[in-house]
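Visitor: After the structure tokens below, expect a handful of questions from me.
The values are calculated or read from the model by the stated rules, or taken from the named source; none is laboratory data. Worth saying up front: this structure is predicted, and the values here are computed from it rather than measured. Backbone-built Cβ (ideal geometry, glycine too); neighbour counts: all protein chains shown. Calculation scope for accessible area: heavy atoms of the full protein, side chains included, ligands and nucleic acids excluded. Shrake-Rupley method; radii C 1.70, N 1.55, O 1.52, S 1.80 Å.
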Amino acid sequence: MELTQHSPDIDAYLAADESIDHDHPRVREVATRLARGTGTAYAYARAAFEFVRDAVPHSADSGNPRVTWRASDVLATRNGICHAKAIALTALLRARSVPAGLCYQRLADEDGTAAMLHGLVALRLPGADRWVRVDPRGNRPGIDAQFSTEKEQLAWVVREQFNEIDYPVVYAAPPEVILHALRGARDRSELWRTLPADL
């Protein structure tokens, strides 16, 4: 699948904003720590991906009810759903000048009901001619997302028979409908009821 930029300006995928707050000291500190010993943008991007995937538990797996939506808060609490973890990884990548954005899948339960949006990250390494998607959701039995710029290995592959969708757009900022749900939810159970099912 060919990914397309929502914003035509690549600088939009390096900018800081309210949620992707890579200018925050906490994000900068984590980025600096992860960059030690990585000599290339690829090595840093992989280290940042593995950190968010493995060291920040998905709140549905850990049982943490708290909802996070700023990258700095995700890193401080080591907690977030897929959307929050994608925001955190995007911020860490941008903190080291790797263009990164957010992209989405529409997924459903095993019987095709209860559609929901799943958050991913797209990144573009220096010298690369295309965006690649990675999924920092967090692995568990049955889920094996890996960092690769050659062959995509996400947590889930969409099932067209259940009207699941791979959205091809890379957003520079979280779509307002997702950000509104994250900011407005008092806890994760409320968030599950208010997250949009599609873009």
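Visitor: What pairs come up if the first residue lies in the range 153-172 and is more than 14 Å from residue 104 (Cα to Cα), the second is surrounded by 14 or more Cβ atoms within 10 Å (Cβ to Cβ) and among the polar types (S, T, N, Q), and their beta carbons are under 6 Å apart, counting only those six or more places apart or on different chains?
Guide: From residues that are more than 14 Å from residue 104 (Cα to Cα), the pairs are 153/146.
Visitor: Still on this structure: Just wondering, is there one or more residues in the range 80-93 that are modelled with pLDDT under 95 and either of a type in the set (S, T, N, Q) or in contact with a helix residue (DSSP H, G or I) (Cβ under 8 Å, 6 or more places away or on another chain) (or both)?
Guide: No, the range 80-93 has no match at all.
Visitor: Here are 112, 138, 127: which of them is part of a loop (DSSP other than H, G, I, E, B) and free of Cβ contacts under 8 Å to residues at least 12 places away in the same chain?
Guide: None of the others qualify; the one that does is 127.
Visitor: With the requirement that a residue be outside any helix (DSSP H, G or I), open to solvent by 40 Å² or more (accessible area, probe 1.4 Å), farther than 17 Å from residue 80 by Cβ and of a type in the set (Asp, Glu), what does the range 156-199 give you?
Guide: Within the range 156-199, 166, 198 meet the criteria.
Visitor: On to the next question. Residues being closer than 26 Å to residue 55 by Cα and either surrounded by fewer than 18 Cβ atoms within 10 Å (Cβ to Cβ) or of a type in the set (A, V, I, L, M, F, W, C) (or both): count how many of those fall in the range 110-124.
Guide: 6
Visitor: Looking at the range 125-133, can you tell me whether even one residue there is surrounded by fewer than 19 Cβ atoms within 10 Å (Cβ to Cβ) and either in contact with a His (Cβ under 9 Å, 6 or more places away or on another chain) or among the hydroxyl-bearing types (Ser, Thr, Tyr) (or both)?
Guide: no
Visitor: If you don't mind, another one. Check the range 75-93 and report whether any residue there is open to solvent by 40 Å² or more (accessible area, probe 1.4 Å), small (Gly, Ala, Ser) and not in a strand (DSSP E or B).
Guide: yes
Visitor: Residue 61 - would you say it is surrounded by fewer than 24 Cβ atoms within 10 Å (Cβ to Cβ), more than 28 Å from residue 140 (Cα to Cα) and more than 14 Å from the chain's Cα centre (by Cα)?
Guide: Against the criterion (surrounded by fewer than 24 Cβ atoms within 10 Å (Cβ to Cβ), more than 28 Å from residue 140 (Cα to Cα) and more than 14 Å from the chain's Cα centre (by Cα)), residue 61 does not qualify.
Visitor: Within the range 19-71, track down each residue that is hydroxyl-bearing (Ser, Thr, Tyr) and either over 22 Å from residue 175 (Cα atoms) or not in a loop (DSSP other than H, G, I, E, B) (or both).
Guide: 32, 38, 40, 42, 44, 59, 62
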